[in-house]
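For reference, the structure discussed in these notes is given below.
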Amino acid sequence: MKHAPLIAACLPILLLAACGRTEPVGDMPSQEELAAAANAAAANAVATQQAEEQGQNRNYVNVARGFSITFPEGWTIDKGASTADGAVYEDPGAGADVRVFWQKNDGDQTLQQIVEALNDSAEGVDGDFVGDNEYRGTANDGEGNNVSIRLLKQADGAIVTATFVYPELLSEQYQAMADRVLGSLRVFAPKGDEATAPTATAN
């Protein structure tokens, strides 16, 4: 190659120029700035993780029974009252609670028959059927509490019942919350029964 001697002669100069290239010292962050940036990133990661955990704690999903619901922020689970079939969450300050449980429908009762039985156990149940597989209503438990109710019938006939109970005197504070919580209830094919199509539910 004709240019080989020229390249060989220029190579030491090119290497020297490359090695001698430096960034201005003023553009480099100080150790304090690096530490502050690392601390900020760590704090942000912790805050994000806590927010995600709080959100996950609010979302109760029962994969085995095929339903989910979102509980109010700040409420706590009553582990003693909760079972494999459902959960109870409580408002620590006001005596309100949400109960959501799955129940096998051995007698293959219709939703209408189940609601009639519900009428016998509560005072003044009033509500409406939403299609063939959903009922929404309100009642009074006879002890000064209002009860908001939502029942969903799954594809296999099982029933998921959600109730939001709160003191009657606090209706203004809790009724809208009850509507949101019960509106978040969803049913789907239980684990091991994926062939069953999820039941469509309205909000």
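Inside region 35-88, residues that are outside any loop (DSSP other than H, G, I, E, B) and either modelled with pLDDT of 85 or more or not hydrophobic (A, V, I, L, M, F, W, C) (or both) make up a count of 26. Name the single residue, out of those in region 141-161 being open to solvent by 20 Å² or more (accessible area, probe 1.4 Å) and on the phi > 0 side of the Ramachandran plot, that is nearest to the chain's Cα centre (by Cα). My answer is Gly144. Assess whether Leu152 counts as being farther than 27 Å from Asn59 by Cβ, at pLDDT 90 or above and not polar (S, T, N, Q). So Leu152 fails the test.
Pro72 meets the conditions (1) open to solvent by 30 Å² or more (accessible area, probe 1.4 Å); (2) touching a helix residue (DSSP H, G or I) at 6+ places or on another chain (Cβ under 7 Å) in every case but one. The failed one is (1). Determine whether Leu182 is closer than 18 Å to Gln103 by Cα, modelled with pLDDT of 90 or more, out of contact with any His (no Cβ under 9 Å at 6 or more places or on another chain) and in a helix (DSSP H, G or I). Criteria met by Leu182. Quick check on my filter: what residues within region 67-101 are of a type in the set (Lys, Arg) and more than 12 Å from Phe164 (Cβ to Cβ)? Selection gives Lys79 alone.
Scanning region 95-112 for residues that are open to solvent by less than 90 Å² (accessible area, probe 1.4 Å) and over 17 Å from Asp179 (Cβ atoms) yields a count of 9. Would you be able to say whether some residue in region 133-140 is within 19 Å of Asp179 (Cα to Cα), touching a residue at least 60 places away in the same chain (Cβ under 8 Å), surrounded by 16 or more Cβ atoms within 10 Å (Cβ to Cβ) and touching a Ser or Thr at 6+ places or on another chain (Cβ under 8 Å)? Yes.
Would you confirm, using the coordinates I've provided, whether Val187 is at pLDDT below 90, in contact with a Phe, Trp or Tyr (Cβ under 6 Å, 6 or more places away or on another chain) and open to solvent by less than 30 Å² (accessible area, probe 1.4 Å)? Criteria not met by Val187.
The values are calculated or read from the model by the stated rules, or taken from the named source; none is laboratory data. This is a predicted model, so every value here is computed, not measured. As a convention, Cβ positions derive from the backbone with ideal geometry for all residues, glycine included, and neighbour counts pool all protein chains shown. With ligands, DNA and RNA removed, areas are computed over all heavy atoms of the protein, side chains included. Shrake-Rupley method; radii C 1.70, N 1.55, O 1.52, S 1.80 Å.
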